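Visitor: The structure follows.
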Amino acid sequence: MLFARRSHTTAADLCRACLGKAFWHHTLRNVTLGWWGTISFFVTWYYLLSNIVTYVQARAEMGRSRRRAAPVVKEARGADALRILQPFEHNIRMQLRMGDDPSAIARDMARLHGVEASAAQAYVEQLRAAA
């Protein structure tokens, strides 16, 4: 892209691992492809600094949210579990594409989001079959 500049963003609720992967993906793309052009040479510095600041803020926010005591809630089942897990469909699909074990993904989703393990397993299997 010698004549046009592209801007890419990742706007999602990401887990710690996916946040790190997205950060490094954008940072490495910036470092390798961001310098080609007069304006881009200077804008790349801004993007790199902005990415680092945003990443550090997101990690700090994750740390604060993890320290809060989680309220005791009954595990969600059926349609409620599906409603809770749907916002994380992208994360689950990414983990499946990377070759993560579906049962491990389901176990983590159930633990993190307060849904029954069987409901999480069924949802992960549904996404795996659709891929």
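The values are calculated or read from the model by the stated rules, or taken from the named source; none is laboratory data. The structure presented is a predicted model; accordingly, all values stated were derived computationally and were not measured. A quick note on method: Cβ atoms are made from the backbone with ideal geometry, for glycine too, and the neighbour counts reach across all protein chains shown.
Visitor: Within region 1-44, track down each residue that is farther than 29 Å from residue 64 by Cβ, surrounded by 10 or more Cβ atoms within 10 Å (Cβ to Cβ) and aromatic (Phe, Trp, Tyr).
Guide: Residues satisfying the conditions are 35, 36, 41, 42.
Visitor: Right, here's the next one. So for region 53-68 (the condition being touching a Ser or Thr at 6+ places or on another chain (Cβ under 9 Å), in contact (Cβ under 8 Å) with a residue 12 or more places away in the chain, crowded, with 16+ Cβ neighbours inside 10 Å and within 22 Å of residue 10 (Cβ to Cβ)), does at least one residue qualify?
Guide: Of all residues in region 53-68, those touching a Ser or Thr at 6+ places or on another chain (Cβ under 9 Å) come to 55.
From what is left, the residues that are in contact (Cβ under 8 Å) with a residue 12 or more places away in the chain are 55.
Then drop every residue that is not crowded, with 16+ Cβ neighbours inside 10 Å, which leaves 55.
This time we only want the ones that are within 22 Å of residue 10 (Cβ to Cβ), so: 55.
Yes, region 53-68 has at least one match.
Visitor: Something else about it: Give all pairs with beta carbons closer than 6 Å in which a residue from region 13-34 that is among the aromatic types (Phe, Trp, Tyr) meets a residue that is surrounded by fewer than 18 Cβ atoms within 10 Å (Cβ to Cβ) and part of a helix (DSSP H, G or I); count only pairs at least 6 apart in sequence or on separate chains.
Guide: 23/55
Listed here are the residues, each with its yes/no results for (1) assigned to a helix (DSSP H, G or I); (2) modelled with pLDDT of 85 or more.
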site: 30; (1), (2): yes, yes
site: 36; (1), (2): no, no
site: 43; (1), (2): yes, yes
site: 48; (1), (2): yes, yes
site: 51; (1), (2): yes, yes
site: 62; (1), (2): yes, no
site: 66; (1), (2): yes, no
site: 70; (1), (2): no, no
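Visitor: Would you check if residue 77 is of a type outside the set (Val, Ile, Thr), over 15 Å from the mean Cα position of the chain (by Cα), at pLDDT below 90 and over 30 Å from residue 122 (Cα atoms)?
Guide: It is false that residue 77 is of a type outside the set (Val, Ile, Thr), over 15 Å from the mean Cα position of the chain (by Cα), at pLDDT below 90 and over 30 Å from residue 122 (Cα atoms).
Visitor: So, one more: Tally time: how many residues in region 108-131 are under 17 Å from the mean Cα position of the chain (by Cα) and over 18 Å from residue 74 (Cβ atoms)?
Guide: Here the count works out to 3.
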